[in-house]
Amino acid sequence: MSAAPPPTRSRRPVDRAATRERLRQRRARSTAVRRPTRAQTIRRRIVALGVVLGLVGLAYGLFFTGLLGVRSVEVEGTKDLSKQQVLEVAAVSTGSPMLTVDLAAIRDRVAALPRVAAVGVSRAWPATLRIAVTERTPVGVVKAPGAVHLVDGTGRDYAVLPAAPPGVPDLQLTKPSPDDPLTKAVVQVLAAVPEKIRAEVLSVSAKTPNAVVLALSAGRQIRWGSAENSPRKAAVLTALITQPGKVYDVSSPQLPTISNP
């Protein structure tokens, strides 16, 4: 007698759409962001408000109070000027907020001092201002009754002294000024004269801007002419002055001459 075949199990049809929906809902539940409670929302708003108020308070302290204020002012580069003169003109108030100190205004006030050629002002954190001064250097003096006027390389008459500094030539000018053609010609020529020869210059005169004459020690004279072609004239003069003579004429550097009047 043969064995009976095992009973077959009935298979339920698979609802794939329902399965996908269940999976989607499960994923949505697992990744859903939990909405904050009312208490959590209030706490977050309080924290955010505190941060904002803290930043506002810090900004106010930095910009409008002495929290980060100027504690010292350093002055560099003075020679004839005193540091106190610079500080008085700079007029920086101790405790002024570092962030709002007007550096340009300080620079302009110090630059107005006649002896100052250039000035820079900078912050040195956390609480120092630095004022770097470059003073004018005299290239010559203009004599006046009982005094001499110092003139710098720009032609500016910037100081009065009872006597001329040593080694500074006499500029035979009536009214030295950066706008005066004679002054401009004289200081430009002086700047072009080779340093070794410039040390021997006693005086400089000019009847016109095209006729600059330099008087040297030992009764010698240089006829320079105008300030044009000064580099070429300086090179020619360097070789020419090694020769004996009294008058060295480089007004025409192509045809320099030496004479003994």
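What follows draws every value from the coordinates through simple rules; no lab data is involved. Everything quoted here is computed from the prediction, not taken from an experiment. All Cβ positions, glycine included, derive from the backbone under ideal geometry; neighbour counts span all protein chains shown.
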Q. So, in nm, how far is label THR94 from label SER177 when the simple model puts each one 7 Å beyond its Cα toward the Cβ?
A. 4.4 nm
Q.
Restricting to DSSP loop positions (anything but H, G, I, E, B) with no more than 15 other Cβ atoms inside 10 Å of their own Cβ, which GluC sites (Glu not before Pro) remain in the stretch 160-257?
A. GLU228
Q: Report, to two decimal places, the Cα Rg of the stretch 162-244 normalised by 2.2 N^0.38 Å (N = number of residues).
A: 1.06
Q.
Just to be sure I understand the model, the point goes 7 Å from the Cα along the line to the Cβ. What's the resulting ARG43 to THR137 distance in nm?
A. 7.1 nm
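Could you please report the charge total around THR238, scoring K, R as +1 and D, E as -1 over all other residues with beta-carbon less than 12 angstrom from its beta-carbon?
Neighbour charge sum, excluding THR238 itself: +3.
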**Q.** Relative contact order of the stretch 177-227, defined on C-alpha pairs under 8 angstrom at six or more residues apart (%)
**A.** 32 percent
Q. With point charges of +1 on the Cβ of Lys and Arg and -1 on the Cβ of Asp and Glu, referenced to the Cα centre of the stretch 127-261, which listed residue (ALA164, PRO145, VAL212) lies farthest in the positive direction of the dipole?
A. VAL212
Q. For the stretch 101-112, in order, what is each residue's ³J(HN,Hα) by Karplus, 6.51 cos²θ - 1.76 cosθ + 1.60 with θ = phi - 60°, in whole Hz (x at glycine and Pro)?
A. 5, 7, 5, 5, 5, 5, 4, 5, 5, 6, 5, 6
Q: Straight distance only, please: which aspartates and glutamates reach the Cα of LYS184 with their own Cα at less than 18 Å, same-chain residues fewer than 8 apart left out?
A: ASP152, ASP157, ASP170, GLU228
